[in-house]
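Down below is the structure, laid out as structure tokens.
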Amino acid sequence: MPSLGRSSSSTSCRRPPAAIFSASSCALKRTRQRLPDTWPIKDSRVDIHNRCFLITGAASGLGAATAGRLIDLGGKVVLCDLSDGVFDQAEALGERARAVKGDVTSGEQMAQAVEAAVTLGGEHGLAGVVHCAGVVSVAKLVDREGHPADLDAYARTIQINLVGTFNVMRLAAAAMAKNAPCSSGERGVIVNTASIAAFDGQVGQCAYSASKAGVVGMSLPAARELSRHAIRVMAIAPGVFETPMMSEIPRDAHDALVAGVPFPKRLGRAEEFALLAEQIITNPMLNGEVIRLDGGIRMQ
Ligand SMILES: NC(=O)c1ccc[n+]([C@@H]2O[C@H](COP(=O)([O-])OP(=O)(O)OC[C@H]3O[C@@H](n4cnc5c(N)ncnc54)[C@H](O)[C@@H]3O)[C@@H](O)[C@H]2O)c1
């Protein structure tokens, strides 16, 4: 049986007593020698500075925080939302921000939002989308009085959360496919917003969970298809975040949610969502995946 200390790799290492350490440190040296020209990693980062991003749902919560983060990093943003609040939000972010009022379920209005981002992006066009627009809904299949759930309400949640995501993806991808590749070789990135309800849906969440499970389901096929255009597709599945969407939940429900988070024992902050969006945009190896951002909570 060959001795660990006398392997062919250890002979070139010249540290015979610490055989295992020597073998691994030699392996480390060889690894270092094989590192590609793009090392250190900062060279392969996708730029945010001076690049334009479309943020939907940007009047509030996760979208507003992401828009602010991208502006802080030197980017440009087109904030899109159904709410008039998007104008104040854009004004507060300064001259590198624009607002477009629009409904994510409308092809025409989203085409205008994408066009505004392409124009603001100048020579670089639209660099990416962070799609946060969405609604939450709660309805039992059969309520206490025995009435069946409202079909229109179900369809509306699917229309906004799922069809709206597809609508924004298709228009943004068509625009980004026309970009010249950036230094890392990519033409753009799409970050969608799912939810942990896609995996751990609770009672009353048939519509919401199904809509978000649809967002999860589109990530891989979209990433595979858009790879030929060098466009990445990712999704974030947030746990429970402190945003206007969650502000109306009763105190005891809030406390129960917090108790279910292993660590940190609190709800997520919109800025933490923005940090992950930033990482996804800048890290070119993140593609075709859904990342839970939830402090470890698993809904019952
Ligand atoms: N807050 C959470 O705990 C949580 C958890 C999981 C997933 N999410 C998801 O994150 C996304 C953002 O949620 P948030 O917490 O920031 O909520 P939010 O209510 O603060 O913001 C959502 C924004 O989307 C906009 N919007 C709604 N329908 C729209 C439409 N048809 N067209 C354009 N804009 C529209 C609203 O006007 C609002 O400004 C949603 O998709 C939500 O489902 C949130």
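The values are calculated or read from the model by the stated rules, or taken from the named source; none is laboratory data. As the structure is a prediction and not an experimental result, all values here were calculated from the model. Note that each Cβ is placed from the backbone with ideal geometry, even for glycine, and that neighbours are counted across all protein chains shown.
Computed quantities for the displayed model
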item: Selection from region 117-135 of residues that are among the β-branched types (Val, Ile, Thr) and surrounded by 17 or more Cβ atoms within 10 Å (Cβ to Cβ); result: 118, 129, 130
item: Residues of region 109-120 classified as free of Cβ contacts under 8 Å to residues at least 24 places away in the same chain and within 13 Å of the ligand (Cβ to nearest atom), total; result: 2
item: Region 228-245, residues that are within 15 Å of the ligand (Cβ to nearest atom) and either outside the structural domain of residue 127 (by TED's automatic domain parsing) or closer than 27 Å to residue 172 by Cβ (or both); result: 234, 235, 236, 237, 238, 239, 241, 243, 244, 245
item: Some residue of region 247-267 being under 30 Å from residue 184 (Cβ atoms) and either out of contact with any helix residue (DSSP H, G or I) (no Cβ under 6 Å at 6 or more places or on another chain) or assigned by TED's automatic domain parsing to the domain that holds residue 171 (or both); result: no
item: Filter result for residue 282 (surrounded by 17 or more Cβ atoms within 10 Å (Cβ to Cβ), within 12 Å of the ligand (Cβ to nearest atom), polar (S, T, N, Q) and under 21 Å from the mean Cα position of the chain (by Cα)); result: no
item: Failed item, numbered, when residue 62 is tested on (1) near the ligand (Cβ under 8 Å from one of its atoms); (2) assigned to a loop (DSSP other than H, G, I, E, B); (3) not β-branched (Val, Ile, Thr); result: (2)
item: Checking residue 204 against (1) within 16 Å of the ligand (Cβ to nearest atom); (2) of a type outside the set (A, V, I, L, M, F, W, C); (3) surrounded by fewer than 17 Cβ atoms within 10 Å (Cβ to Cβ); (4) within 20 Å of residue 268 (Cβ to Cβ), the condition it does not meet; result: (4)
item: Which numbered condition residue 100 misses (of (1) touching a Cys at 6+ places or on another chain (Cβ under 7 Å); (2) closer than 25 Å to residue 219 by Cα; (3) within 16 Å of the ligand (Cβ to nearest atom)); result: (2)
item: Index of the failed condition, residue 240 passing every other in (1) closer than 22 Å to residue 132 by Cα; (2) touching a Gly at 6+ places or on another chain (Cβ under 8 Å); (3) surrounded by fewer than 21 Cβ atoms within 10 Å (Cβ to Cβ); result: (3)
item: Members of region 121-146 found to be within 15 Å of the ligand (Cβ to nearest atom) and over 19 Å from residue 163 (Cβ atoms), listed by number; result: 138
item: Cβ-Cβ under 6 Å pairs, at least 6 apart or on other chains, region 43-62 side aromatic (Phe, Trp, Tyr), far side part of a loop (DSSP other than H, G, I, E, B); result: 53/75
item: Verdict on residue 177 being of a type outside the set (S, T, N, Q) and either at pLDDT below 95 or away from the ligand (no atom under 16 Å from the Cβ) (or both); result: yes
item: Condition met for residue 157 (crowded, with 23+ Cβ neighbours inside 10 Å, under 26 Å from residue 218 (Cβ atoms) and out of contact with any Cys (no Cβ under 8 Å at 6 or more places or on another chain)); result: yes
item: Filter result for residue 103 (without any contact (Cβ under 8 Å) to a residue 12 or more places away in the chain and either assigned by TED's automatic domain parsing to the domain that holds residue 202 or over 16 Å from residue 278 (Cβ atoms) (or both)); result: no
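Matching residues to (1) over 17 Å from residue 189 (Cα atoms); (2) within 25 Å of the chain's Cα centre (by Cα); (3) not assigned by TED's automatic domain parsing to the domain that holds residue 235:
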| position | (1), (2), (3) |
| --- | --- |
| 115 | no, yes, no |
| 141 | yes, no, no |
| 144 | yes, no, no |
| 149 | yes, no, no |
| 153 | yes, no, no |
| 157 | yes, yes, no |
| 160 | yes, yes, no |
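One line per residue, one yes/no per condition, for (1) buried (at least 24 other Cβ atoms within 10 Å of the Cβ); (2) of a type in the set (Ser, Thr, Tyr):
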{"residue": "61", "(1), (2)": "no, no"}
{"residue": "67", "(1), (2)": "yes, no"}
{"residue": "70", "(1), (2)": "yes, no"}
{"residue": "84", "(1), (2)": "no, no"}
{"residue": "88", "(1), (2)": "no, no"}
{"residue": "93", "(1), (2)": "no, no"}
{"residue": "102", "(1), (2)": "no, no"}
{"residue": "105", "(1), (2)": "no, yes"}
